[in-house]
Amino acid sequence: MMVLLKNLGKSFGFPRLIILAFLGLLILMMFVLHIPVPLTLSQCLVRIGINLVLALAMVPGIMAGTGMNFALPLGIECGLLAGMISLQYNMKGIGGIFAAMAISIPFSILAGWAYSQLVNRVKGSEMMVSTYIGFSMVALMCIGWLVLPFSNASIVWPIGDGLRTTITLEEWYDRALNQLFAFRIFGVDIPVGLILVIGGFCLIVWLFMRSHLGLMMKAAGANPNFARSNGVKVDSMRTIATILSTVLGGIGIIIYAQGFGFYQLYNAPLMMAFPAIAAVLIGGATPSRISIFHVILGTIMFQSMLAIATPVANSLIPEGNLSEVVRTIVSNGIILYALSRMQGGKRS
Amino acid sequence: MDTLLHFKNIKKSFSGNVVLDGVDFKIQPGQIVALAGENGAGKSTLMNILFGMNVIAETGGYEGEIIFEGKSVKVQSPLDAMELGIGMVHQEFMLLPGFTVARNIKLNRENLIPSLISRITPKSYQMLDNPQIIKEAAGALGRLGMEINPEVTVDKLPVGHMQFVEIAREIDKSNLKLLVLDEPTAVLTESEAERFLKCIRKVADAGIAVIFISHRLDEVIQLADSVVILRDGQMVFDEKTENTDKHQIAELMVGRKLEAESLMNVNRSFEEDIILEIKHLRVNMPGERSRDVSLKVRRGEILGIGGLAGHGKTSISNGIFGMYPARGSVHYKGRPLSFGKIGEALNQGMAFVSEDRKGVGLLLNESIALNMVYTDMKVNRRFLKKYGFFSQFDKKSAREVVEQMIQELDIRCTGPDQIVGRLSGGNQQKVCMARALITKPELLFVSEPTRGIDIGAKQLLLNYLVKINKEQGITIVVTSSELNELRTICDRIAIIGSGVVQGILAPDAPNVDFALLMSGEKGGNT
Ligand SMILES: Nc1ncnc2c1ncn2[C@@H]1O[C@H](COP(=O)(O)OP(=O)(O)OP(=O)(O)O)[C@@H](O)[C@H]1O
Ligand SMILES: [Mg+2]
């Protein structure tokens, strides 16, 4: 029995087992505390859906050997900027969402390219540098949101300069994707449109991983010398990966915002890389190896845990915002654990 | 004499695949035991068990008993093994590239001097006694008869010298009782190997037992007191060396008779159709610098490049393929080749097998199939299904070619999807070779093609090279530390010394001529 457990732990990963056990406990509590199951399940689905593309943004970087993209806020800011433009010009509904995504892409490419120039100069300590880049970008854009010439009365402060901190999307595309083709079964809302869109992105990334370019990128990450001896330009691969990751970050935040119902500016993107990274790590990815399966499994486990933890914690300790504390502890704990398992400098 | 080590009925399997089955032999102090066997016979696995390597525990441990100095021991980690007095030089290098030679030799056993803080704190705060470290490291290297500067970092050394550094690290340990050497001579030229064997003899004479793995049977006969042979994980032979000979060992290893080696390509004549012309090539490859190499390769021939380690022979192909900065001029089929550009030589129809299989030759975490077809996929865009802008890796079409290669090169594996990192060293080497062969190049560069490959497979591989040369007209440039191998298959052999071509000889030229050129009598200040 012990051996079985040990082997299971080995093949499935110890942290994943813990999370799974915790998740099981939460589900049990959900029944004990009479928390409405269909409602919670609906929330799980939405959370998984709106966070998945952000987690997907980790894939290219890991493939190309730049590790976890802690600079995800960079892409997020690009997405937010595109989102603001879409609101400024009153783009509404599903069309508005896709327009925002399309607008974000050139910004992301530009920002991703600029950032990649830095990434290629700091080989070996990409993750540390990217954390700071992410943070600095958020700080910079805090100024940006104040000075950029947005004028739509619904998104700027009524008095003074700049954009509002939180912008409700009711007027434009609040939950447009979630509600597209949505239906209800046993009281659970199935956000079909959202699932289709994120499924599409997963498919694209999966196909990309098996393409000529994807395989070149993989070699550049797995063994740069092997890649070079096969005529793969390692730095270009890292550049492309960084750009792709940034683009996915930009698109990811738009999907996130529409499902959430708000755009949050200023300091909100600061920590947004962490849940994405925690999710893929729980899914079984390492800073040097990742698959779409890791991304999907990890996001499902991590986000359902959070979605269920919130009502459970609230009904256990009604006062205070415990769920937020749990979320922070768990996601940072996971990241710390996974990073500490990397063998000094070498990516296992 | 008391038995130092007794392997008692050792069994090991990797997820159902039995690789060691009832291995049982003994070693006395001061004895040298050669462990021979085909690629994948289980030699490295047995040594990994003895040394407590992680892979063993991770894959479910082993059965049987190891008795060391009369006590049954369970070696859980390399640290345990070292405490018992077991030292090991692995098949793949285990050195810290950024550290100096001296620090590598004294790793974890650094000489310390008390520092200001350490007088009141634990020992870990003492300071390194660098002069002493360098002195002792130089001493250990000296005992091996090597003049290597202990203060250079290891990544600047030629591979041949790294091997000596590893041995120096082991013999410098004062409690050493048993030294395990897994193919230590694979990276050495004959003359270096010669010196190396003398060192090992000295080590054994000091009462240290040695387990020695090698595919070079001459060395086995020359050095070992007794020979143990594994075949498919079973022990088929355990005898004193004087009761056996090279041929018997070879036959027991492979289970069939081997043809005698002969010079295959003496006196073939070629037109002066120059496919590649190298002029004044200077390659800045750390540890293997070439200074001024000029060479002509004729279409259709097999050209050998030989020479001692550190003299620049391997830098030539590395320079042409853009792996290291190079200057000079290279003309391929009459047109200048911009060799500084990554991938340019490949795009022009050449292919390259690096001498460094782990570092350059393989994607260790990927399947055999992907490794084998990678170059062809990248350069010639084969094994891809194309959909307009997009392409997809076509596993099915790759599989066919890969399975054929596995068969032709006799690669011992569970199938095309096996992860390359889990193959035995020799079989990994075959995968590297297959990758270049699949591209069907016009001009093929191979460096150390048979490094770590057993004699049976070596013959197979060399025959294969000659076959594709004759049947498909592929011109081949072989770089090798093994002169015999070069003489077997080459039409001409260029000897590189001190970074220049010392001379070009026919394969049937007398040994002394080769020896003279290698020793660089010619000086070479061109
Ligand atoms: N980590 C592993 N997982 C699965 N199989 C393995 C692993 N390591 C080795 N093997 C298998 O065990 C067998 C023995 O391998 P081993 O490395 O001991 O061979 P070897 O005798 O050292 O060969 P070589 O002369 O090529 O170095 C091989 O068939 C190999 O595929
Ligand atoms: Mg081996």
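The values are calculated or read from the model by the stated rules, or taken from the named source; none is laboratory data. From a predicted model like this one, the values you see are computed outputs, not experimental measurements. Here the Cβ positions follow ideal geometry from the backbone for every residue, glycine too, while neighbour counts run over all protein chains shown.
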Selected residue (only one of A:PHE226, A:PHE208, A:PHE181 is in contact with a helix residue (DSSP H, G or I) (Cβ under 7 Å, 6 or more places away or on another chain) and more than 14 Å from chain B (Cβ to nearest Cβ)): A:PHE181
field: Failed condition for A:GLY199, given (1) within 30 Å of B:PHE393 (Cα to Cα); (2) without any contact (Cβ under 8 Å) to a residue 24 or more places away in the chain; (3) crowded, with 16+ Cβ neighbours inside 10 Å
entry: (3)
message: I need the full set of residues from segment B:34-61 which are away from ligand 2 (no atom under 16 Å from the Cβ) and crowded, with 19+ Cβ neighbours inside 10 Å, in order please.
response: B:GLY52
field: Pick from segment B:414-427, criterion out of contact with any Gly (no Cβ under 8 Å at 6 or more places or on another chain) and at negative phi, ranking: nearest to ligand 1 (Cβ to nearest atom)
entry: B:ARG422
statement: Of all strands (runs of 3 or more DSSP E) fully inside segment B:409-526, the set with 1 or more residues that are buried (at least 18 other Cβ atoms within 10 Å of the Cβ) and of a type in the set (Ser, Thr, Tyr) is B:443-447, B:475-479
statement: Apart from one, (1) out of contact with any Asp or Glu (no Cβ under 6 Å at 6 or more places or on another chain); (2) buried (at least 16 other Cβ atoms within 10 Å of the Cβ) all hold for B:GLU301; the odd one out is (1)
- prompt: Quick one: which of B:GLY310, B:GLY287, B:GLY319 is closer than 22 Å to B:GLY160 by Cβ, surrounded by 22 or more Cβ atoms within 10 Å (Cβ to Cβ), under 23 Å from the mean Cα position of the chain (by Cα) and away from ligand 2 (no atom under 16 Å from the Cβ)?
  reply: B:GLY319
task: Just one of (1) surrounded by fewer than 21 Cβ atoms within 10 Å (Cβ to Cβ); (2) in a helix (DSSP H, G or I); (3) within 13 Å of chain A (Cβ to nearest Cβ) trips up B:ARG399, so point out which.
output: (3)
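Please pick out the residue among A:LEU244, A:LEU270 that is surrounded by fewer than 20 Cβ atoms within 10 Å (Cβ to Cβ), more than 14 Å from chain B (Cβ to nearest Cβ), in contact (Cβ under 8 Å) with a residue 60 or more places away in the chain and within 29 Å of A:SER104 (Cα to Cα).
A:LEU270
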Segment A:211-222, residues that are at the interface with chain B (Cβ under 10 Å from one of its Cβ atoms), crowded, with 23+ Cβ neighbours inside 10 Å and touching an Asp or Glu at 6+ places or on another chain (Cβ under 9 Å): A:LYS218, A:ALA219
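Okay, residues lined up against (1) within 15 Å of ligand 1 (Cβ to nearest atom); (2) of a type in the set (A, V, I, L, M, F, W, C); (3) under 19 Å from B:GLU183 (Cβ atoms); (4) under 27 Å from the mean Cα position of the chain (by Cα):
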site: B:PRO29; (1), (2), (3), (4): no, no, no, no
site: B:ALA57; (1), (2), (3), (4): yes, yes, no, yes
site: B:GLY60; (1), (2), (3), (4): yes, no, no, no
site: B:ILE66; (1), (2), (3), (4): no, yes, no, no
site: B:LYS71; (1), (2), (3), (4): no, no, no, no
site: B:LYS74; (1), (2), (3), (4): no, no, no, no
site: B:SER77; (1), (2), (3), (4): no, no, no, yes
site: B:GLU83; (1), (2), (3), (4): no, no, no, no
query: Among the residues of segment B:16-23, is there at least one that is near ligand 1 (Cβ under 7 Å from one of its atoms) and either of a type in the set (A, V, I, L, M, F, W, C) or in contact (Cβ under 8 Å) with a residue 40 or more places away in the chain (or both)?
result: yes
task: Show the residue pairs that are 6+ apart or on different chains and have beta-carbon atoms under 6 Å apart, the first residue being within segment B:40-55 and away from chain A (no Cβ under 14 Å), the second being assigned to a loop (DSSP other than H, G, I, E, B) and within 10 Å of ligand 1 (Cβ to nearest atom).
output: B:GLY40/B:ARG412; B:GLY40/B:SER424; B:GLY42/B:GLY233; B:SER44/B:GLN91
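Answer yes or no as to whether B:LYS12 is touching a Gly at 6+ places or on another chain (Cβ under 8 Å), over 20 Å from B:GLU183 (Cα atoms), in contact (Cβ under 8 Å) with a residue 40 or more places away in the chain and within 16 Å of ligand 2 (Cβ to nearest atom). Spell out the reasoning first.
Numbers: touching a Gly at 6+ places or on another chain (Cβ under 8 Å): yes; over 20 Å from B:GLU183 (Cα atoms): yes; in contact (Cβ under 8 Å) with a residue 40 or more places away in the chain: yes; within 16 Å of ligand 2 (Cβ to nearest atom): yes.
The answer is yes for B:LYS12.
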- request: Starting from residues that are over 20 Å from B:ASP410 (Cα atoms) and part of a loop (DSSP other than H, G, I, E, B), keep the ones in segment B:347-362 and report whichever is nearest to the other protein chains (Cβ to nearest Cβ).
  value: B:SER354
- request: Please tell me if A:ILE329 is touching a Cys at 6+ places or on another chain (Cβ under 8 Å) and more than 26 Å from A:ILE97 (Cα to Cα).
  value: no
message: The conditions are (1) under 19 Å from B:SER354 (Cα atoms); (2) free of Cβ contacts under 8 Å to residues at least 12 places away in the same chain; (3) of a type outside the set (A, V, I, L, M), and B:GLY452 fails exactly one of them. Which is it?
response: (2)
query: Do you know which of the residues in segment B:428-442 that are away from ligand 2 (no atom under 16 Å from the Cβ) and in contact with a Gly (Cβ under 7 Å, 6 or more places away or on another chain) is farthest from B:PHE383 (Cα to Cα)?
result: B:GLU442
message: Which numbered condition in (1) farther than 30 Å from B:LEU128 by Cβ; (2) at pLDDT below 90; (3) within 16 Å of ligand 1 (Cβ to nearest atom) is the only one that B:PHE93 fails?
response: (1)
- request: Quick one: which strands (runs of 3 or more DSSP E) lie wholly within segment B:209-271 and hold at least 1 residues that are touching a residue at least 12 places away in the same chain (Cβ under 8 Å), crowded, with 20+ Cβ neighbours inside 10 Å and aromatic (Phe, Trp, Tyr)?
  value: B:209-213
statement: Of A:ALA313, A:ALA285, the only residue that is in contact (Cβ under 8 Å) with a residue 24 or more places away in the chain and either touching a helix residue (DSSP H, G or I) at 6+ places or on another chain (Cβ under 6 Å) or within 14 Å of chain B (Cβ to nearest Cβ) (or both) is A:ALA285
statement: Taking segment B:290-306 and keeping only residues that are of a type outside the set (D, E, K, R) and more than 21 Å from B:VAL154 (Cα to Cα), one is left with B:VAL293, B:SER294, B:LEU295, B:VAL297, B:GLY300, B:ILE302, B:LEU303, B:GLY304, B:ILE305, B:GLY306
- request: Just need a number here: residues in segment B:322-346 that are over 21 Å from the mean Cα position of the chain (by Cα), at pLDDT 90 or above and facing chain A (nearest Cβ under 10 Å).
  value: 4
task: For segment B:368-382, name all the residues that are assigned to a loop (DSSP other than H, G, I, E, B) and more than 9 Å from chain A (Cβ to nearest Cβ).
output: B:ARG382
query: Is there any pair with a first residue in segment B:412-425 that is within 14 Å of chain A (Cβ to nearest Cβ) and a second that is within 16 Å of ligand 2 (Cβ to nearest atom) and modelled with pLDDT of 90 or more whose Cβ atoms are under 7 Å apart and which are 6 or more apart or on different chains, and what are they?
result: B:VAL420/B:LEU362; B:VAL420/B:LEU364; B:VAL420/B:GLN428; B:VAL420/B:VAL431; B:GLY421/B:LEU364
task: Considering only residues that are at positive phi and touching a helix residue (DSSP H, G or I) at 6+ places or on another chain (Cβ under 8 Å), look in segment B:367-413 and name the one that is farthest from ligand 2 (Cβ to nearest atom).
output: B:ARG381
